[in-house]
1. Give me the residue from region 9-42 that is farther than 22 Å from F393 by Cβ and buried (at least 16 other Cβ atoms within 10 Å of the Cβ) and, out of that set, modelled with the highest pLDDT.
2. Name the one entry in G177, G225, G199 that is within 18 Å of S142 (Cα to Cα), among the small types (G, A, S) and either surrounded by fewer than 19 Cβ atoms within 10 Å (Cβ to Cβ) or at pLDDT below 85 (or both).
3. Which residue pairs have Cβ atoms under 8 Å apart, sit 6 or more places apart or on different chains, and have a first residue in region 29-40 that is free of Cβ contacts under 8 Å to residues at least 40 places away in the same chain and a second that is surrounded by 19 or more Cβ atoms within 10 Å (Cβ to Cβ) and part of a helix (DSSP H, G or I)?
4. The conditions are (1) over 18 Å from I171 (Cα atoms); (2) surrounded by fewer than 21 Cβ atoms within 10 Å (Cβ to Cβ); (3) touching a Ser or Thr at 6+ places or on another chain (Cβ under 7 Å), and F328 fails exactly one of them. Which is it?
5. Do we have any residue at all in region 106-125 that's of a type in the set (K, R) and farther than 17 Å from L388 by Cβ?
6. Just for region 286-299: of the residues that are farther than 14 Å from F35 by Cβ and surrounded by 14 or more Cβ atoms within 10 Å (Cβ to Cβ), which one is modelled with the highest pLDDT?
Amino acid sequence: MRIDYNLRDKFDFGIFIPVSLLIAIGLSAIYSSTFNHPTAGGNFERQLIWGIGAFVIFFITYSLPTNTFRTIATPTYLFSILLLVVVIVVGRKVSGARSWLDLGPFGFQPSEFAKIGTILAMSAFLSRKNTDIDSFKDILISISTGFVPVMLILAEPDMGTAIVFVGTILILIFWKGISLFGLFIVLSPGFVAIAAIFGFYYFLASLILVIVTLLLFCKDIFFSGSIFALNLAAGFFTDYLYNALSPHQQKRIQSFIDPNTDPLGAGYNTIQAKVAIGSGGLFGKGFLQGNQTQLQYIPEQWTDFIYCVIGEEFGFIGSMIVLVLFLFLFLRILKIASTTKDEFLSLTIIGILSVYIIHFLINIGMVVGILPVIGIPLPFVSYGGSSLLVNMFMLGIIANVYRNRKNFT
């Protein structure tokens, strides 16, 4: 009993068990979705090998001195920026984005590695004693630190991953304790940018709302004018960015509003995914028995649309089990972040949790048709070595903090 108590005190099974179950569910769904596929038959074996490697990385990260993460923050960030520049120049194109680097027989996405570097770098800056998150200068530095990789990722272009970064940046700043006005400064350009996507009148209405809000905060006219100019620029930049997107990316945004406008093109995956999930019923059709899955109605469904495989073959019960496992994992990570008194570590854990949650919400949202299809995998479940290895490394950081939590409380 003494050994068991010591183990529970040093190792958080509350994060390890849910993730292990999610990886196992993902492997079964990958096997099913590639079982009859003419070219993807080896994906299950590759994911299994990556899974073993991911657990090795998890335990190595778990065993490191906790101060290691603060030490490597800046070098990791700078190296990730270098990799993002390199991939734009010599990377391999996949689905229209030059986002992969090849190392012999292996390929990886530098944007996955950049998640670690950006979270650590922003956490290191925000946790400095002289950082004032309500000062315009420190807000600008914080956002700039995060937006350098965002701009490089948009240059690939990879809109989905860029959205994950933006969401993570905003959540980190919020966790730091930004004031209501500071939060308005950070969020309002995004609000205006989204409004601009829907058309001129939405854009104009959002600008009027920004002006009214600035008047309510009663700041000096020069500062308020600067904030308004920033929002105005955000709207025009969004219009420029939308026009710079490839045609298939524009169609994805258009099909989000109405998938039936292009049922055989951009809206096809969303429609078929909803059919697959809906046909699963309460208990599902059974392992290897899903019509949509086995007949390959959804291209490469073992990646971004793996949740519809689970929904069809394991039904509502199976789908809910996945959601409950994620919810339990998120709440457990949030508890560790909340009880960790070291600000750098708390921010780092929140940054990691943000990545998990944003991936989860976007992936499930696009599968059930309430969000546009932007190519975001489901953490620990979808096929992909880079994603799984990075996610397990980040989970190892959380487990490491839990192991040493008494030193930081």
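The values are calculated or read from the model by the stated rules, or taken from the named source; none is laboratory data. In this text, all values refer to a predicted model and were calculated from it rather than measured experimentally. Positions of Cβ are backbone-derived with ideal geometry, glycine not excepted, and every protein chain shown enters the neighbour counts.
1. So, considering only residues that are farther than 22 Å from F393 by Cβ and buried (at least 16 other Cβ atoms within 10 Å of the Cβ), the one modelled with the highest pLDDT is S28.
2. G177
3. From region 29-40, the pairs are Y31/F44.
4. (3)
5. No, region 106-125 contains no residue that is of a type in the set (K, R) and farther than 17 Å from L388 by Cβ.
6. My answer is I298.
Residue-by-condition table, conditions (1) under 21 Å from the mean Cα position of the chain (by Cα); (2) within 27 Å of G384 (Cα to Cα):
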position: I60; (1), (2): no, yes
position: F69; (1), (2): yes, yes
position: V86; (1), (2): no, yes
position: V90; (1), (2): no, yes
position: D102; (1), (2): no, yes
position: I133; (1), (2): no, no
position: F136; (1), (2): no, no
position: I141; (1), (2): no, no
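To keep it simple, each residue is scored yes or no on (1) surrounded by fewer than 24 Cβ atoms within 10 Å (Cβ to Cβ); (2) in a helix (DSSP H, G or I); (3) touching a His at 6+ places or on another chain (Cβ under 7 Å); (4) of a type in the set (V, I, T).
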position: F283; (1), (2), (3), (4): yes, no, no, no
position: Q301; (1), (2), (3), (4): no, no, no, no
position: D304; (1), (2), (3), (4): no, no, no, no
position: Y307; (1), (2), (3), (4): no, yes, no, no
position: F314; (1), (2), (3), (4): no, yes, no, no
position: K335; (1), (2), (3), (4): yes, yes, no, no
position: I358; (1), (2), (3), (4): yes, yes, no, yes
position: L361; (1), (2), (3), (4): yes, yes, no, no
position: G365; (1), (2), (3), (4): yes, yes, no, no
